[in-house]
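A short write-up of the structure that comes next.
The values are calculated or read from the model by the stated rules, or taken from the named source; none is laboratory data. In this text, all values refer to a predicted model and were calculated from it rather than measured experimentally. Every residue, glycine as well, gets a Cβ built from its backbone with ideal geometry; the counts of neighbours run over all protein chains shown.
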Amino acid sequence: MIVIEQLTKRFGSRTAVDSLTATVQPGRVTGFLGPNGAGKSTTMRMIVGLDRPTSGSVTVGGKRYDKLAAPMHEVGALLDAKAAHPGRSAESHLRSLAATHGIGKQRVDEVIAITGLESVARRKAGKFSLGMGQRLGIAVALLGDPATLILDEPVNGLDPEGVMWVRQLARHYAAEGRTVLLSSHLMSEMAQTADHVLVLGRGRLIADAPIGDLLGANAASVRVRSPRATELAALLAGPQVTTTPGTDGAFEVRGLTAAEIGDRAGAAGISLHELTPVSASLEEAYLALTQHEVEYRMEAAR
């Protein structure tokens, strides 16, 4: 379990993490989301002692990371896929790290196999593609068979098979009762992987909820098709209702339930050919939460 209490980190006048309080529970995959600059990586670095908090605290299994007797057995982390020395082979890198904790060659061979590095185990890390570098970083995280797994953007550079593998790995570790904290900008993948999400915006916690609750709390839409679509859309319009035309003759309505739309259409004698509730996607829910918390914005193309 990771327990974060009033965690704050300032770099000069800039506050990267602002009074963050959250608990990452074992037995589930916790997704860590937020725009660029939201403070996710800084938080992860503070968890493993690479950055010192300005104030507040964070513990793993009830202890600060620097108080753990054998950190690799307690916490496995991937924070930088390029952390390996470019002149060392993957096998040499793993064996060197294993030696610091008395981990034998058998476990090194196991994590090489788990991460699919057998064919490149003796190749220099500096020659690795981004995807292979990610696999090596994950192998390092798994080396001590840790109770807690922290992965920062682990699917960067991976092909679809690799992305699916990371998903299965995270869920397998959580199913074993371990603590899994996973960050990613791929919302579709996070929706299939995470059980619970923490969302940061400008260093502050703006959501801490099961993924189902997060989706349910954000307005879904209803897909409507009618031979009198223009008339029906005008009938449904209101201050809290938006209608968006589709490309196939249907339109989407936000702000009314399917039952309310059906009742209004029936009262006006307008026939319906389709009335389908559409759940909000994780991407839509995320954008709704973070629309005012983005530090770096891009202007629309002209």
For P53, the lone unmet condition from (1) in a strand (DSSP E or B); (2) in contact with a helix residue (DSSP H, G or I) (Cβ under 8 Å, 6 or more places away or on another chain); (3) over 14 Å from T148 (Cα atoms) is (1)
Would you kindly identify the strands (runs of 3 or more DSSP E) lying entirely within region 175-228 that contain at least 2 residues that are under 13 Å from the mean Cα position of the chain (by Cα) and within 24 Å of A147 (Cβ to Cβ)? 179-183, 196-201, 204-210
Close pairs from region 2-25: first in the same structural domain as L182 (by TED's automatic domain parsing), partner among the polar types (S, T, N, Q) and part of a loop (DSSP other than H, G, I, E, B), Cβ under 6 Å, at least 6 apart: T8/T54; K9/T54; R10/T54
K67 fails exactly one of the following numbered conditions: (1) surrounded by fewer than 19 Cβ atoms within 10 Å (Cβ to Cβ); (2) in contact (Cβ under 8 Å) with a residue 12 or more places away in the chain; (3) in contact with a strand residue (DSSP E or B) (Cβ under 9 Å, 6 or more places away or on another chain); (4) not hydroxyl-bearing (S, T, Y). What is the number of that condition? (2)
Select, from A69, A84, A38, the only residue that is among the aliphatic types (A, V, I, L, M), in a loop (DSSP other than H, G, I, E, B) and within 15 Å of the chain's Cα centre (by Cα). A38
Any hit, region 11-29, residues being within 21 Å of the chain's Cα centre (by Cα), at pLDDT 95 or above and charged (D, E, K, R): yes
As an exercise: evaluate S129 against (1) surrounded by fewer than 18 Cβ atoms within 10 Å (Cβ to Cβ); (2) within 13 Å of S92 (Cβ to Cβ) and give the number of the one condition it does not meet. (2)
Among (1) under 30 Å from G39 (Cβ atoms); (2) at pLDDT 70 or above, where does E231 come up short? (1)
Within region 154-166, can one find any residue that is at pLDDT 95 or above and within 25 Å of S41 (Cα to Cα)? no
